[in-house]
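Laboratory data are not the source of any read-out in this text; all were calculated from the coordinates shown. What you are looking at is a predicted structure, and each value in this text was computed from that prediction instead of being measured. Backbone-built Cβ (ideal geometry, glycine too); neighbour counts: all protein chains shown.
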Amino acid sequence: MEAINSFFDEDVDPLVRGWIHQPHDPRGDALILTHGAGGNCEAPLLVALAETFCGDGYTVLRCDLPFRQARRFGPPSPGNAERDRAGLRNGVAAMRKIMSGKSGDGKVFLGGHSYGGRQATMLCAEEPNLVSGLLLLSYPLHPPRKPEQLRTQHLPNLRTPSLFVHGTRDPFGSSEEIKKALQLIPAKSELMEVKDAGHDLGFKGKAQAPSLPARVLSRFDETFG
């Protein structure tokens, strides 16, 4: 059955702004998805994942981080990272309000591509009980060609179960590097590799990689089911 997709705007600071996908047959669980440093919540991969998860009964919010709400183009600045994490925290709170009174056990999951996923891990390292699990798409382990600049300092404090989805040709971290980083995480953490894919996970639209969202959903259900 076709899901309902409508604009969502929560008047808090920072704002929660994006699109809500409401399933016709909800399972009682929810997923929040956000974007990388160069994109927004209209990224084709996020849209496809939202539609796929919603079709399986998840209520999905795909939202713009505060830095993207402030300007349409350009990367985030390091000084805004804490505000972006506050935006994700507000997104979780907004989703819990949406889910209140619905059937199911009310699990809320948080996911993000690249920068958005990194901020989600940092937030959950600080607040381990915030969500039931993390979906991390192309975690940016280090800048391209700068493997010495690892972004792993917070991972030993990450106690939220996590599923990492990573391309085997991602310049932000090789398969060997990401596997080594996952060993730092005390919580359950699993890796789904996407063969021959780069930082975009090989997804430039449904025509190019129609099976990827379904594969991610299947592995997600295996990990957190």
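When the square roots of the Cα gyration tensor eigenvalues are ordered a ≥ b ≥ c, the ratio a/c for the range 61-161 is 1.5 or more and a/b does not exceed b/c, which makes its shape oblate. The relative contact order of the range 96-218, computed from alpha carbon pairs under 8 Å that lie at least 6 residues apart in sequence, is 21 percent.
Take every DSSP beta bridge whose two residues both sit in the range 1-82; close to 75 percent of them are antiparallel.
Taking the chain on its own, what percent of its Cα-Cα pair distances exceed 22 Å? Mind showing how you got there, number by number?
Values: 11638 of 25200 pairs.
Summing the P(r) of the chain above 22 Å gives 46 percent of all pairs.
Expressed as a whole number of Å, what is the distance separating the alpha-carbon centroids of the range 1-41 and the range 113-134? The two parts, judged by their Cα centres, are 17 Å apart. Of all DSSP beta bridges confined to the chain, the antiparallel ones make up roughly 35%.
Label separation (Asn129 vs Asp11): 3.1 nm, computed from points 7 Å beyond Cα along the C-beta direction. Close lysine pairs were tallied over the chain: pairs 8 or more places apart or on different chains with Cα atoms under 29 Å apart number 21. The order of the peptides 152-161, 182-191, 129-138 by mean Cβ neighbours within 10 Å, most packed first, is 129-138, 152-161, 182-191.
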